[in-house]
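Have a look at the structure below before the remarks.
The values are calculated or read from the model by the stated rules, or taken from the named source; none is laboratory data. What you see is a predicted model; the values in this text were computed from it and never measured. Here the Cβ positions follow ideal geometry from the backbone for every residue, glycine too, while neighbour counts run over all protein chains shown. For accessibility, only protein heavy atoms count, side chains too; no ligands or nucleic acids. Shrake-Rupley method; radii C 1.70, N 1.55, O 1.52, S 1.80 Å.
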Amino acid sequence: IGALRWHFLLQSLEDLQKNLCQLGSCLLVIQGDYESVLRDRVQEWNITQVTLDAEMEPFYKEMEANIRCLGEELGFEVLSLVGHSLYDTKRILDLNGGAPPLTYKRFLHILSLLGDPEVPVRNLTAEDFQRCRAPEPGLAGCYRVPLPTELKIPPESLSPWRGGETAGLQRLQQHLTDQGWVASFTKPRTIPNSLLPSTTGLSPYFSVGCLSVRTFFYRLSNIYAQAKHHSLPPVSLQGQLLWREFFYTVATATPNFTKMAGNPICLQIGWYEDDERLHKWKTAQTGFPWIDAIMTQLRQEGWIHHLARHAVACFLTRGDLWISWEEGMKVFEELLLDADYSINAGNWMWLSASAFFHQYTRIFCPVRFGKRTDPEGQYIRKYLPVLKNFPSKYIYEPWTAPEEEQKRAGCIIGQDYPFPMVNHKEASDHNLQLMKQVREEQYR
């Protein structure tokens, strides 16, 4: 993971430590291989119970199984609770008859049978901690939250997102204050290149576990109950939580979910391998200002709007470069604060038209799409200051500006900013034919 994600995680742990201290408890952060750490501490501290989230990802499923084996060997109880998702994905899959393909429509039908998710567990109080055994004096100092420099992470973090429950609750409250906005929210109408997030921006806090997704679900339910009219899934705010749940459920039941090979729901496509083109996309050197501005925001802040994610993902895969979605997924995993095993892979398969989404003829134009919502190019001017002096008529296609205009803007295309790395019309038309061919062959 990248430096911004590390900072967000460490800030979240610091915030947790501070909040626990206010309740008379503390957080002990122990580094090392989990099996050897548990083996040592269970015996040294006479631990009788280990609690963890009910896990869905392969690595953590294996970890939970290993911890249960350790519990039988060393005599401690393992308490596994569903906390990261709204529902127990195993129950959803059981109602679906095991692990056959699950459509979103079928998924919503199953949720209607289950009813609303469980109410969030209440917050712990100082009285809860008074009943617990206090840690030995000095332990908190020995097992404090490490500093970034101790983990060899660059000390500076430019991201406007600060980790922790405190910041997450402030952001949640700020958005829920405008009940009219909440009730009328529809995902497609949000603006991908607004200078401030036009969505809630809560996803990093759910991803790390700073906020309870059930708390958000029920706060939304209360607002909907008081509104005369409100938007509905899949485009409402609650609908976004259900999409998250859908990807978790499918990922739980799908082998090799983060890979193309051996993934039963994924189209097998002969993507190009081109390290130079991949590097240009990753480092914001494609020559298309809107794409490069998005990738710059991603690297600087660790977050981009979901429609901006759609645009750069389509550009890398089926739209322009025909490079595997797995490569894009790895870049997002490194740089996105809300990178998540299930949602990251699911969305990349969707946007490359490898699974879930089949309207593959709809290709995002790297010029027109951004221009529709930000014709003056303010977003580009912020994240690509090299282009900030171009007139609005050229800001999305600076290579079309006359040489005198480029000189006045202080930016010569091909020298100070690259030419477009592909002809979008030719590349997208070619890739569309490739996609049609792949689908026809595999359907046969």
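Here the spin labels are modelled as points 7 Å beyond Cα on the Cα-Cβ line, and at Lys61 and Arg362 they lie 3.1 nm apart.
Computed from Cα atoms, the angle from the helix 58-74 axis to the main principal axis of the chain rounds to 10 degrees. For the pair Thr103 and Lys18 in one chain, pulling the backbone fully straight at 0.36 nm per residue adds 26.3 nm over the alpha carbon distance. Between 0 and 90 degrees, the angle of helix 34-45 with respect to the longest Cα principal axis of the chain falls at about 30 degrees. Computed in the context of the full set of protein chains, the accessible area of the chain at 1.4 Å probe radius has 53% of its extent on carbon or sulfur.
In plain terms, the chain from Asp53 to Ala261 could stretch by 72.0 nm, reckoned as 0.36 nm per residue minus the Cα-Cα distance. Between Arg439 and Ser184, residue separation times 0.36 nm minus the direct Cα-Cα distance comes to 88.0 nm. A crude spin-label estimate for the pair Tyr218 and Leu81, with each label 7 Å from Cα along the Cβ direction, gives 1.3 nm.
Taking each DSSP H run with n ≥ 4 as -39500 (n - 2.57) and averaging over every residue of the chain yields -15000 deg cm²/dmol at 222 nm. Taken per residue, the accessible surface of the chain reaches 51 Å², heavy atoms only and a 1.4 Å probe. Determine the shape class of the range 275-443: with a ≥ b ≥ c the square roots of the Cα gyration tensor eigenvalues, call it rounded for a/c under 1.5, and otherwise prolate if a/b is greater than b/c, oblate otherwise. Prolate, because a/c is 1.5 or more and a/b exceeds b/c.
All Cα-Cα distances of the chain, cut into 20 Å bins from zero to the largest, leave 21, 53, 23, 2 percent in each bin in turn. First check a/c for the range 134-177, with a ≥ b ≥ c the square roots of the eigenvalues of its C-alpha gyration tensor; if it is under 1.5, answer rounded, and if not, answer prolate when a/b is larger than b/c or oblate otherwise. Because a/c hits 1.5 or more and a/b fails to exceed b/c, the range 134-177 counts as oblate. Identify the residues of the range 328-365 with backbone N under 17 Å of a label point that sits 7 angstrom from the Cα of Leu114 along the Cα-to-Cβ direction, or state none. It comes to 342-343, nothing else. Determine the alpha carbon to alpha carbon distance for each of Lys330/Lys371; Lys282/Lys382; Lys393/Lys436; Lys259/Lys436; Lys61/Lys330 and list only those over 23 Å. In this structure, Lys330/Lys371; Lys393/Lys436 lie more than 23 Å apart at Cα.
Here the dipole of the range 275-443 is about 460 debye; that uses its Cα centre as origin and unit charges on the Cβ of Lys and Arg (positive) and Asp and Glu (negative). Relative to the first principal axis of the alpha-carbon coordinates of the chain, what is the inclination of helix 213-226, with its axis defined by its Cα atoms, in degrees from 0 to 90 and to the nearest 10? It works out to around 70 degrees.
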